[in-house]
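See structure below.
The values are calculated or read from the model by the stated rules, or taken from the named source; none is laboratory data. Note that the structure is predicted; figures quoted are calculated from it, not measured. Cβ atoms come from the backbone with ideal geometry, glycine included; neighbour counts cover every protein chain shown. Just so you know, the surface numbers come from the protein's heavy atoms only, side chains and all, with ligands and any DNA or RNA stripped out. Shrake-Rupley method; radii C 1.70, N 1.55, O 1.52, S 1.80 Å.
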Amino acid sequence: MISISIIGPGRLGGALALALPRTKYRIENLIGRSHMKLDARDGFPTEITALTDVNFIGSDVVFITTDDGSILDVSKALVGKLNIGSYVFHASGALTSSIMENLAESGCYVGSIHPLVSISRAELGPSRFPGAYFCVEGDEKAVKFAEILVGHLGGKPFKIATKFKTLYHAAAVMACGHLIAMFDSAVEVLTKCGLSQEDSKQILLPLTVSTVENLSQQSTSSALTGTFGRADIETFTRHLTALNEKVSDDLLEIYLLLGERSLELASKEGVNPERIDNLRVRMAVAKTRLKW
């Protein structure tokens, strides 16, 4: 039985605690900023202990699932409080394991495990982790152990070189956070038609879901549909007129920038190059008229 301590048992830390199989892992400590009493859970400690009150952690594995800005301070606080040979993982997508070099120097194996899945509540962990990809990075021994642990969560581990960790995270933000921001922009545009924000969301959501489903089965270029997928100059012109009249320059700029990227995808699918070039020219003119 592998013993686990989790420092920062919030959404992600709690999700890990709930999802790790009880046949292989035992949650030994939940450690946070202050003392808290939890509802009793099967196999869980019922208290969150303040880190300042912890003198020693004997667990085989320690997860640091705090906010990114606290990881360095936590790792410093753990020096001398862990067994030599214990594994320490943080769960930041943007930071590398090198931020815990002080623990590596004290004899721990350090790495990072970042799930590429959105966890808004701890209770979602057991259902969201299976089938999800996890980016693992760190020293060789930590990475090998991380791959095994991710497998026990039902996930799919992949590893990258430490130097690419921040670039990897930027891609993840674009695929997740920016997707929400883009959807919110579409919702705002639709509200200009007289619909409420909630109605606009519910109307557009099935369209977005069907697009993601297409993307799961096709390449990005072949999954593209709509105005830019056809290089439809006439429809674009009508869009431009309506957007100029009804929405902010910020929303129009989003429409144009994503349209440029869409035309690159359309060109890969053999859409008429002349129509693509003509549309690019019209888009460039439209961008020059935005207020900067």
>> For a distance above 24 Å, tell me the whole-number percent of Cα pairs in the stretch 152-255 that qualify.
In response: 40 percent
> What's the Cα-based Rg to Rh of the stretch 79-176, Rh via Kirkwood?
Replying inline: 0.98
>> If I model the stretch 1-159 as equal point scatterers sitting on the Cα atoms and use the Debye formula, what is log10 I(q)/I(0) at q = 0.08, 0.14, 0.16, 0.20 Å⁻¹?
In response: -0.19, -0.62, -0.83, -1.40
> Taking the stretch 59-130, which trypsin sites (Lys or Arg not before Pro) meet the DSSP loop condition and have no more than 13 other C-beta atoms within 10 Å?
Replying inline: Arg121
>> Order 161-173, 5-17 from most to least packed using the mean count of other Cβ atoms within 10 Å.
In response: 5-17, 161-173
>> With θ taken as phi - 60° and the coefficients 6.51, -1.76 and 1.60, list the Karplus ³J(HN,Hα) couplings across the stretch 276-288 in order, rounded to whole Hz; mark glycine and proline as x.
In response: 4, 5, 4, 5, 4, 4, 5, 5, 4, 5, 4, 5, 5
> Using θ = phi - 60° and the Karplus curve 6.51 cos²θ - 1.76 cosθ + 1.60, what whole-Hz ³J(HN,Hα) does each residue of the stretch 184-195 get, with Gly and Pro shown as x?
Replying inline: 4, 5, 5, 4, 4, 4, 5, 5, 5, 8, x, 8
> Which of these, Leu251, Leu18, Leu215, has the largest mean-square fluctuation under a Gaussian network model of the chain (Cα springs below 10 Å)?
Replying inline: Leu215
> Which cross-chain or sequence-distant (5 or more) residues have an amide H under 5 Å from the amide H of Glu28, H modelled 1.01 Å from N in plane?
Replying inline: Ile4, Ser5
> Against the longest principal axis of the chain, how steep is helix 140-152, in degrees 0 to 90 to the nearest 10, with axes from Cα atoms?
Replying inline: 80 degrees
> Among the aspartates and glutamates, which fall within straight-line cross-link reach of Lys159, defined as a Cα-Cα distance under 16 Å, with same-chain neighbours fewer than 8 residues apart omitted?
Replying inline: Glu137, Asp139, Glu140, Glu147
> Roughly what angle does helix 249-268 make with the longest principal axis of the chain, taking Cα atoms, 0 to 90 degrees, to the nearest 10?
Replying inline: 90 degrees
> If each Cα of the chain is one equal point scatterer, what is log10 of I(q)/I(0) from the Debye formula at q = 0.10, 0.12, 0.16 Å⁻¹?
Replying inline: -0.69, -0.86, -1.16
>> I'd like the carbon and sulfur percentage of the solvent accessible area for the chain, probe radius 1.4 Å, heavy atoms only, ligands and nucleic acids excluded.
In response: 56 percent
> When the Karplus curve 6.51 cos²θ - 1.76 cosθ + 1.60 is applied with θ = phi - 60°, which whole-Hz ³J(HN,Hα) does each residue of the stretch 74-80 get, with x for Gly and Pro?
Replying inline: 5, 4, 5, 5, 8, 4, x
>> Students often forget the sequence filter, so: which lysines lie under 30 Å Cα-Cα from Lys287 once same-chain residues fewer than 8 apart are removed?
In response: Lys192, Lys201, Lys246, Lys268
> With a sphere of radius 12 Å drawn around the Cβ of Leu103, what net charge do the other residues whose Cβ falls strictly inside it have (Lys, Arg +1; Asp, Glu -1)?
Replying inline: -1
> Among the lysines, which have Cα under 20 Å from the Cα of Lys165 when same-chain residues fewer than 8 positions away are ignored?
Replying inline: Lys141, Lys144, Lys156
>> Accessible area per residue for the chain in Å², computed with a 1.4 Å probe and the full protein assembly in place, what is it?
In response: 55 Å²
> Which residue, Ser97, Ser127, Ser221, tops the fluctuation ranking in a GNM of the chain built on C-alpha contacts under 10 Å?
Replying inline: Ser221
> Can you give the calculated 222 nm mean residue ellipticity of the chain, where each DSSP H run of n ≥ 4 adds -39,500 (n - 2.57) and the sum is split over every residue, rounded to the nearest 500 deg cm²/dmol?
Replying inline: -15500 deg cm²/dmol
> What are the residues whose amide H is under 5 Å from the amide H of Phe134, where those residues sit 5 or more places off or on another chain and H is modelled from the backbone?
Replying inline: Leu116, Lys156, Phe158
> So in the chain, what percent of DSSP beta bridges are antiparallel if you round to the nearest 5?
Replying inline: 20 percent
>> Net charge around Arg33, counting only other residues with Cβ within less than 13 Å of its Cβ (Lys, Arg = +1; Asp, Glu = -1)?
In response: -3
> Stretched out fully, how many nm does the piece from Asp184 to Val209 gain, at 0.36 nm a residue minus the Cα gap?
Replying inline: 7.6 nm
> Do any trypsin sites (Lys or Arg not before Pro) in the stretch 183-292 lie in a loop, going by DSSP, with at most 12 other beta-carbon atoms within 10 Å of their beta carbon, and if so which?
Replying inline: Arg289, Lys291
